[in-house]
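Since the structure comes first, as structure tokens, the remarks are kept for the end.
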Amino acid sequence: MLTRRALAAFATATLCALPAWAEGLSGSYAVEGMNPDGSKYTGTVSLVENGASVSMTWTVGSSSYAGAGLVDGKVITVQWGDPNPVYYFITPSGELHGTWAGGKALERLVPAN
């Protein structure tokens, strides 16, 4: 049987060990990716989380893209006007690792500090 002190210590350790994404996804991200043709790109992403929903705006060079989607556990699915959505996996560090174009393209979002 756990004592109150042991339970409090466990709860404190658990809360301190929460991954970065547990603090919320909203914010600015640096983005780097690879297009389906193998060319690389960089830019920024603004992500706004509202419950289980997200809205995102990508800025890559002089182009801007917008999308919206849902968070389901550690996976975010974003519709952005292409037949294939972007699928992101939320990593423990708070980075989002994604694929789009039916798995032919990759993208990594790193939280901006």
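Once the 1.4 Å probe is applied to the protein heavy atoms, the range 64-105 comes out at 53 Å² accessible per residue.
Nearest 0.05, what FRET efficiency do residue 41 and residue 74 give at R0 = 30 Å with Cβ-Cβ as r? Working shown, then result.
Working: r = 25 Å, r/R0 = 0.82.
E(calc), rounded to 0.05, equals 0.75.
Here the simple spin-label model places points 7 Å from the Cα toward Cβ, and for residue 84 and residue 48 these points are separated by 2.9 nm. Here the Debye sum runs over all C-alpha atoms of the range 41-81 as equal scatterers in vacuum, and log10 of I(q)/I(0) at q = 0.15, 0.31, 0.33 Å⁻¹ comes out as -0.36, -1.04, -1.10. Length, then width, then depth: along the principal axes, the Cα atoms of the range 26-113 run 34, 29, 23 Å.
Placing a pseudo-label 7 Å from each Cα along the Cα-to-Cβ vector at residue 66 and residue 34 gives an inter-label distance of 3.1 nm. For residue 93 and residue 112, the difference between the fully extended length at 0.36 nm per residue and the C-alpha to C-alpha distance is 5.6 nm.
The values are calculated or read from the model by the stated rules, or taken from the named source; none is laboratory data. Everything quoted here is computed from the prediction, not taken from an experiment. Cβ coordinates were reconstructed from backbone atoms using ideal geometry, including for glycine residues, and neighbour counts include every protein chain displayed. The area values use the complete protein model at the heavy-atom level, side chains included, leaving out ligands, DNA and RNA. Shrake-Rupley method; radii C 1.70, N 1.55, O 1.52, S 1.80 Å.
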